[in-house]
Amino acid sequence: MHDTQDLDPNPLTKKQYFVVSSMLFALFFGAGNLIFPIHLGQLAGAQWVTAGVGFLVTAVLLPLLSVLAISVTHSQGVYDVGAPLGRYFALAFMVLIHLTIGPLFGTPRTATVPFTVGFQPMLPSSWSHIGLLLFSALFFGTAFLISYKQSNIMDMLGRVLNPVFLLLLFVVFLLGFFHPMGAAGDQGATLNYQSAGFFNGFLQGYNTMDALAGLAFGVTVVTAIKQLGKTTPRSNGKVTMKAGFLAMGMIGMIYAALIWLGATTLAQFKVSADGGVAFNQIVTHYLGGAGHALLAVLITVTCLTTAVGLVAAFAQDFHKHFPKVSYHVWLALSCLASFLTANFGLDKIISWSTPMLMFLYPFAMVLIVLSVASPLFKHDPVVYLWTVAFTAIPACLDMVASFPPVVSQSAFGQVLGDFQQKFLPLASFGLDWLLPAVVGAALGLAVHFLRPVLAGSTNTSSDQ
């Protein structure tokens with residue numbers, strides 16, 4: 001019955017839409033969403049608007065499209081998005097994305113960022129390792145408890161943690177807007193941003209991992225909306241789409257404010273090593289010693305909301321495809337692995353996550369766009385196949401080029417890099433996958449639309 005009629009046929013109230021949007025906001029806005037926009041503002045200086053537009057494409061538009069992809073295809077997770085290319089591809093894609101945004105890179109970062117930025121400055125340097133160990137244990141223990149009952153996820157994220165985070169962030173914005181450190185438009189831009197601000201901002205958006213997260217969070221979002229009585233794919237997708245527009249619009253406005261705020265800091269500070277340092281400088285400038293305490297609470301709350309979403313999505317998807325292991329066991333494994341990885345430190349996590357992001361993002365982007373446009377070509381797998389096949393080689397080359405020097409500057413890495421720069425357009429901007437993907441999509445669409453014509457002519461010849 002639930003396949004043709006909603007459990008609750010009544011439209012959702014505005015309050016319910018707000019709660020779903022708030023949950024989506026909390027799932028998306030985490031560690032990288034605070035530190036990377038601020039750092040981008042520092043790097044871009046007077047070019048903060050141009051770089052910001054590029055950043056918003058991959059950090060707002062693309063995650064919104066990932067939510068729409070779930071809606072249009074009536075998917076329940078990242079596996080369904082890759083399913084047109086076959087079971088094995090879909091399973092491998094799901095595992096790689098969940099490992100990347102999960103226990104290998106993304107989820108550990110939700111603990112290391114608040115510790116490094118908020119708590120480590122208040123500790124003696126000799127206590128850093130034991131401090132991170134204790135903080136990450138408490139952090140992931142809390143995430144495990146919140147995620148243990150799946151029915152609590154929406155309530156905890158949408159109703160409790162998210163409003164607290166927004167209030168704390170609003171305080172920081174007020175101080176920055178009423179007492180700016182300087183004029184953002186008067187600050188100098190670093191070399192890369194003087195001539196290619198848009199493209200560099202575009203690539204910086206990869207670091208948020210939100211497009212990947214949007215695919216992985218699909219199962220969490222669909223499950224939560226079903227709890228509101230919207231159990232049919234059509235109505236569930238409609239709610240997902242409307243709530244996604246509201247949530248990503250809010251995030252876009254916050255990104256713009258953070259990028260501007262980062263650019264204004266150049267009047268007082270030099271470009272920092274990362275956005276965490278810059279954010280620490282901002283709150284310390286305005287609030288002094290009390291700023292550390294505010295920052296610690298602010299960033300811990302927002303990162304905890306994202307961690308809850310990540311570990312829950314990981315456990316839900318892996319339990320669905322590997323059902324012999326229960327949801328709670330997968331949840332425990334995800335939290336434990338994230339805890340262990342977090343203790344390698346933030347710098348190592350970021351440096352080793354970049355190659356995987358450069359590899360996965362081209363695939364994610366083409367699959368998201370194809371999913372949204374799939375009704376136009378009736379979800380024909382041949383279009384997916386041609387597009388992804390043409391994307392694969394540039395994605396692999398981008399991954400090798402972004403590895404640490406031990407790999408990228410090796411003889412093997414240099415040979416591939418020379419080939420990439422010589423034969424693939426836009427390689428210097430990290431977008432060498434774009435034109436091959438367009439060519440592959442065009443060939444796939446040509447096969448799709450010409451196949452019936454060719455089949456018809458063959459049948460006519462046979463009849464004669």
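The values are calculated or read from the model by the stated rules, or taken from the named source; none is laboratory data. Everything quoted here is computed from the prediction, not taken from an experiment. Virtual Cβ from ideal backbone geometry, glycine too; neighbours counted across all protein chains shown. Keep in mind that these areas ignore ligands, DNA and RNA; they rest on the heavy atoms of the full protein, side chains included. Shrake-Rupley method; radii C 1.70, N 1.55, O 1.52, S 1.80 Å.
What do you reckon, how do Lys348, Lys226 stack up by accessible area (1.4 Å probe), largest on top?
From most exposed to least exposed: Lys348, Lys226.
Please go through the residue pairs Lys324/Lys348; Lys226/Lys378; Lys348/Lys422; Lys238/Lys320 and name each one whose alpha carbons sit more than 28 Å apart in this structure.
Long pairs (Cα-Cα over 28 Å): Lys324/Lys348; Lys348/Lys422.
If you split all Cα-Cα distances of segment 299-368 into 10 Å bins from zero, what percentages do you get per bin, shortest first?
Going out from 0 Å in 10 Å bins, segment 299-368 shows 17, 34, 42, 6 percent.
Using a 1.4 Å probe, what is the accessible area per residue for the chain, in Å²?
That works out to 42 Å² for each residue.
Quick check: Cα centre of segment 50-79 to Cα centre of segment 9-26, how many Å?
Centre-to-centre (Cα) distance: 19 Å.
Just to confirm the number: angle between the C-alpha axis of helix 346-373 and the first principal axis of the chain, 0 to 90 degrees, nearest 10?
Computed tilt is about 40 degrees.
Rounded to the nearest 500 deg cm²/dmol, what is the calculated helix-only ellipticity per residue at 222 nm for the chain, with -39500 (n - 2.57) per DSSP H run of length n ≥ 4?
-23500 deg cm²/dmol
Suppose R0 equals 45 Å. What FRET efficiency, 1/(1 + (r/R0)^6) with r the Cβ-Cβ distance, do Ala392 and Ala290 give to the nearest 0.05?
Efficiency computed from Cβ-Cβ geometry: 0.30.
For the ranges 231-240, 178-187, what's the packing order if you count other beta-carbon atoms within 10 Å of each residue, average per peptide, and put the highest first?
Answer by packing, highest mean first, reads 231-240, 178-187.
Which value, in Å³ per residue, describes the convex hull spanned by the Cα atoms of segment 72-127?
92
Can you give the alpha-carbon Rg of segment 347-464 over 2.2 N^0.38 Å, where N counts its residues?
Ratio of Cα Rg to 2.2 N^0.38 Å: 1.39.
Give the Rg (one decimal place) followed by the Dmax (whole number) of segment 203-283, computed from C-alpha coordinates and expressed in Å.
For segment 203-283, the Cα radius of gyration and maximum Cα-Cα distance read 17.8, 54 Å.
So what does the Cα-only Debye profile of segment 385-439 read at q = 0.14, 0.19, 0.31 Å⁻¹, as log10 I(q)/I(0), no solvent term?
Each listed q maps to, in turn, -0.34, -0.60, -1.20.
Once you place label points 7 Å from the Cα toward the Cβ at Ser326 and Lys422, how far apart are they in nm?
So the two model labels end up 5.9 nm from each other.
Rule-of-thumb check for segment 225-269: C-alpha Rg over 2.2 N^0.38 Å?
This ratio for segment 225-269 stands at 1.90.
At a 10 angstrom cut-off on C-beta neighbours, averaged per residue, how do the peptides 57-67, 439-449 rank from highest to lowest?
Top to bottom by mean Cβ count within 10 Å: 57-67, 439-449.
In Å, the Kirkwood hydrodynamic radius of the chain over pairs of distinct alpha carbons?
Here the Kirkwood hydrodynamic radius works out to 23.0 Å.
Return the lysines within reach of Lys270: Cα separation strictly under 22 angstrom, same-chain partners fewer than 8 residues apart disregarded; answer none if there are no such residues.
Here the lysines satisfying the reach criterion relative to Lys270 do not exist.
Which angle from 0 to 90°, rounded to the nearest 10, does the C-alpha axis of helix 31-44 make with the longest principal axis of the chain?
80
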